1. Return the loop-located chymotrypsin sites (Phe, Trp or Tyr not before Pro) in the stretch 89-157 (DSSP other than H, G, I, E, B) with at most 15 other Cβ atoms within 10 Å of their own Cβ; answer none if there are none.
2. Can you give me the solvent accessible area of Trp193 with a 1.4 Å probe, rounded to the nearest 10 Å²?
3. If ligands, DNA and RNA are left out, what is the accessible area of Leu81 with a 1.4 Å probe, given in Å² to the nearest 10?
4. Compute the Cα gyration tensor for the chain, then decide on rounded, prolate or oblate, letting a ≥ b ≥ c be the square roots of its eigenvalues: rounded whenever a/c is under 1.5, prolate when a/b is larger than b/c in the other cases, and oblate in all that remain.
5. Using modelled backbone amide H atoms (1.01 Å from N, in-plane), which distant-in-sequence or interchain residues come within less than 5 Å of Leu148's amide H?
6. Helices from the chain with mean Kyte-Doolittle at least 0.5 and a Cα length along the axis of 30 Å or more, per DSSP H: which?
Amino acid sequence: MPDWLSILLRSIGAVAYLFLLTKIIGKRQIKQLTYIEYIVGISIGSIAAFMATEMDGPVYHSLIAMGIFALFPYLMEWLSLKSKFLRDLFEGKSTVLIKEGKILEDNLKKERLTAEDLMEQLRIKNVFRVADVEFALMETSGEVSVLLKSESQPVTPKHLELTVAPSEENQVVIMDGVIMDEPLATAGLNRRWVRTELQKAGVALENVFLGQVDKGGELYLDLYDDKLMVPGAQAMKLAFATLKKCQADLELYALNTKNEQMKRTYQTDSEQLQQIIDQVKPFMIR
């Protein structure tokens, strides 16, 4: 067998075997490397490269070596589940970098971080002022987790004691100019609805790069031609505005009528409609 063909077959075999070992080890090694997994990854890669180019040694020697190295992360994870001490030994502990707005310089030195490194990590978390940080910790994965002080946290509907609609997954119903039937059915819609919405927007199906529908039935369209602008859907906002107008009209009728019975009826209807508006507002205005 020619050397080039042997190298080709060995390389293909090494990649296939590495893929199999990675699937066995699990997804965590790709997302987050522990010390052992980092060492094993380098070692297996070196063995695979040696296997692909070494023409004299038998292939199964390299396969056995890679298999043995691949067992180490699996064994370490199993031992970590059994012992907190071993988990801290293998994976390390998180380190506090900022506490109550004060940078802990000793811990920065321990993690070999400079002030520039810390500020970069804070900016990645959209934090630009150290004084706003309650805690910042470096996780065992190397990422920095940040908790802002209460007064510096963004205002949420919960802070304002507002009731909002629950979040639901938006469905991509058009992709690359093709209608996606399964997401469309999940949203409780059909192709006729999509074509009607496209006709309202004055857009041809083949010109749509991406179409996404939200829980309120609003269709967002992104076109291939970035210079063309698609008008935003206004159906929900118009419906909400109509309800507000009806409620205002009832109040006006209550003020203008001289019939006490009709005045009370209009006032009661106005108050009931206002309660309905308050309930549906989170669903209609986003």
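1. Answer in residue order: Phe128.
2. Its heavy atoms expose roughly 50 Å² to the probe.
3. Approximately 140 Å² of Leu81 is accessible to the 1.4 Å probe.
4. Oblate shape, in that a/c is at least 1.5 and b/c is the bigger or equal ratio.
5. Glu134
6. Qualifying helices, which must be both long enough and hydrophobic enough, are 3-25, 59-82.
The values are calculated or read from the model by the stated rules, or taken from the named source; none is laboratory data. This structure is a prediction, so every number in the text was calculated from the model and none was measured. A quick note on method: Cβ atoms are made from the backbone with ideal geometry, for glycine too, and the neighbour counts reach across all protein chains shown. Calculation scope for accessible area: heavy atoms of the full protein, side chains included, ligands and nucleic acids excluded. Shrake-Rupley method; radii C 1.70, N 1.55, O 1.52, S 1.80 Å.
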